[in-house]
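Take a look at the structure set out below.
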Amino acid sequence: MSRLEAKKPSFCKSEPLTSERVRATLCVLKGILTSSYGPSGRLKQLHNGLGGCVCTTSQSSALLANLSVTHPILKILTTSMQNHVSCFSDCGLFTAILCCNLIENVQRIGLMPTTVIKLNKHLLSLCTSYLQSEFCGCRILVDFSSTQTLLCLVRSIVTSKPACMLTRQEIDHISALILRAFLLTIPENTKDCLILGKSIIVPLKGQRVTDSTVLPGILLEISEVQLMKILPIKKSDTFKVALFCASLSGDVSDTGEGTVVVSSGVSLENAVLDQLLSLGRQLVSDHIDLLICQKVVHPSLKQFLSMHRMIAIDRVGAALMEPLSKVTGTQPIGSLGSISPSSYGSVKDLCTEKFGFKHFLHLIPNEATICSLLLCNRNDTAWDELKLTCQTALHVLQLTIKEPSVLLGGGCTETHLAAYIRHKICNEPESILQDDGCTQTELQLLTEAFCSALESVAGSLEHDGGEILTDMKYGHFWSAQPESPSVVDWPDLLSRCGCGLYTSQEELRWSFLKSTRHPFAPQTCLPHEAVGSANNLTLDCFTAKLSGLQVAVETANLILDLSYIIEDKN
């Protein structure tokens, strides 16, 4: 008889943020995230000590998914960030770094958690109200009559992922393809509700990035043997398609605990094969040109269909069934019984394609909003990162359709917002002081902690020891080369601000980002001529960044409000 171990008491820790171990762990996590941020972020290799795949990345989704954290506070932070990324795909590192900065800065000033949480909520409200207002100086409305803004947005996302290992030419090529793939998913004729289609990413590893392309419709990979069996088909009208989600392999399904009664002398396998061939004869009589099956097609049925000049493609998988349904205009057939003529679909044309070492059957739709993005890269690691980047960019474009605005990137939104909040609190503190009953000193301390957290996120974009500054007119972020001379004429050393909207040749005054300076009112209401003349802006997704700001502040408030951690060690 095995021994029964006495139940251990739960472990209880009060004021968890006062622990040096917790602070050190948060600092390590912040260092990992901060060093991965932006176009020049350092790559991370994540792997299990017991073996398995090695992940090389700087993207938040991959980092957070592969980082193993055990402390409850870190679990709260990483889970919150993962939830944000699962909903918005972008701005995960921004959210996580801002959250860590807020916790760190608040701990330094030593205010009561209740006061901190109230004031953080007020400052967050000021930020969101300003960013959504018409006079916001860091928000651009998207003009859908031109692709310029959307292309800048996509290029900014691709540029910020160094693990993709792309050259400038490759970044431009991939950015244009992503935008084209997205535009192909928008239906030409819409009534009340816009329903977007889907872009399917087709892998082609070991090829040049510039070999990537976008095609309307669906590419189904086929073997060279299958290709040789496909005879050229030319028709004046459309091609009829039978789409099956049921298995056509001829295997007898598992009966579980039941039994199958078979008459004496009857072969179950032959009976099932006869049923498949009967199905094949019906498909031939219905003049079907193409059979597509999610699962396996029996070799005898394939041979029978091939003899009647019908193409059979199997093992396409569950992921492609919904796009195939949209392209062919029919629902998948789930049984082997008699099939109604209305169960068939059609495509405009069929043709074979060869890209690199792979062969494909190309289904060209009539009017479907489905396209295939054939994605190439030199190796598996870079391709995996590029695929994740393309998925992020496509999702961001969908969010931009819903909320047609973008924010200035390159750290400029953070520094501009910090300047706006400082000036707002300095000139209009009465409303917050009256509502929360805090002192002016507490308000000033927390405002500085909040704004410094925002500026530190912008400062995280500089990884090479360069000088980081902000101008005193627009409140934008500027970065200079490391080892700048002590006496310097900044307009000669600086070129453009982080987002690329303004040049140093304007009459500007600069201040070091972390220096003490008098609050100033940054210029609001972006001039249309300035936005229109800039062809290569760095932009961020408005919806993702606004949500990231809210998630960062709310998660920081939750962690700062923790009084006890109780863990069951049994």
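The values are calculated or read from the model by the stated rules, or taken from the named source; none is laboratory data. Keep in mind that what you see is a predicted model, and the values were worked out from it rather than measured. Every residue, glycine among them, receives a Cβ derived from its backbone with ideal geometry; neighbour counts consider all protein chains shown. Heavy atoms of the whole protein, side chains included, go into the accessibility calculation; ligands, DNA and RNA do not. Shrake-Rupley method; radii C 1.70, N 1.55, O 1.52, S 1.80 Å.
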Item to check | Answer residue from the stretch 1-31, given it is among the basic types (Lys, Arg) and in a loop (DSSP other than H, G, I, E, B) and is nearest to Lys161 (Cα to Cα) among those | outcome: Lys8
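For (1) out of contact with any strand residue (DSSP E or B) (no Cβ under 7 Å at 6 or more places or on another chain); (2) in a loop (DSSP other than H, G, I, E, B); (3) at pLDDT 65 or above, each residue gets a yes or a no:
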{"position": "Pro232", "(1), (2), (3)": "yes, yes, yes"}
{"position": "Lys235", "(1), (2), (3)": "yes, yes, yes"}
{"position": "Ala242", "(1), (2), (3)": "no, no, yes"}
{"position": "Asp251", "(1), (2), (3)": "yes, yes, yes"}
{"position": "Val261", "(1), (2), (3)": "yes, yes, yes"}
{"position": "Gly265", "(1), (2), (3)": "yes, yes, no"}
{"position": "Ala271", "(1), (2), (3)": "yes, no, yes"}
{"position": "Asp274", "(1), (2), (3)": "yes, no, yes"}
{"position": "Leu277", "(1), (2), (3)": "yes, no, yes"}
Item to check | Residues located in the stretch 539-562, provided they are under 17 Å from the mean Cα position of the chain (by Cα) and not in a helix (DSSP H, G or I) | outcome: Leu539, Asp540, Cys541
Next on the checklist: Can you tell me how many residues within the stretch 403-424 are over 19 Å from Leu461 (Cβ atoms) and open to solvent by 10 Å² or more (accessible area, probe 1.4 Å)?
Outcome noted: 6
Item to check | Checklist (1) of a type outside the set (S, T, N, Q); (2) open to solvent by less than 10 Å² (accessible area, probe 1.4 Å); (3) under 28 Å from Val316 (Cβ atoms) applied to Tyr130, failing item | outcome: (3)
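Rundown of residues vs (1) farther than 29 Å from Pro404 by Cα; (2) surrounded by fewer than 18 Cβ atoms within 10 Å (Cβ to Cβ); (3) modelled with pLDDT under 85, yes/no style:
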site	(1), (2), (3)
Ser460	no, no, no
Thr470	no, no, no
Lys473	no, yes, no
Phe477	no, no, no
Gln481	yes, yes, yes
Pro522	no, no, no
His528	no, yes, yes
Asn535	no, yes, yes
Cys541	no, no, no
Checklist entry - Looking only at the stretch 283-299, which residues are open to solvent by less than 60 Å² (accessible area, probe 1.4 Å) and under 22 Å from Glu224 (Cβ atoms)? => result Asp289, Leu290, Leu291, Ile292, Cys293, Val296, Val297, His298
Item to check | strands (runs of 3 or more DSSP E) wholly inside the stretch 335-402 that include at least 3 residues being open to solvent by 10 Å² or more (accessible area, probe 1.4 Å) and within 30 Å of Glu224 (Cβ to Cβ) | outcome: 349-355, 358-364
Checklist entry - Restricting attention to the stretch 306-334, and to residues there that are more than 20 Å from Val296 (Cα to Cα) and open to solvent by 20 Å² or more (accessible area, probe 1.4 Å), which single residue is nearest to the chain's Cα centre (by Cα)? => result Lys326
Next on the checklist: Could you go through the stretch 184-195 and let me know if any residue there is in contact with a helix residue (DSSP H, G or I) (Cβ under 9 Å, 6 or more places away or on another chain), open to solvent by less than 70 Å² (accessible area, probe 1.4 Å) and in a helix (DSSP H, G or I).
Outcome noted: no
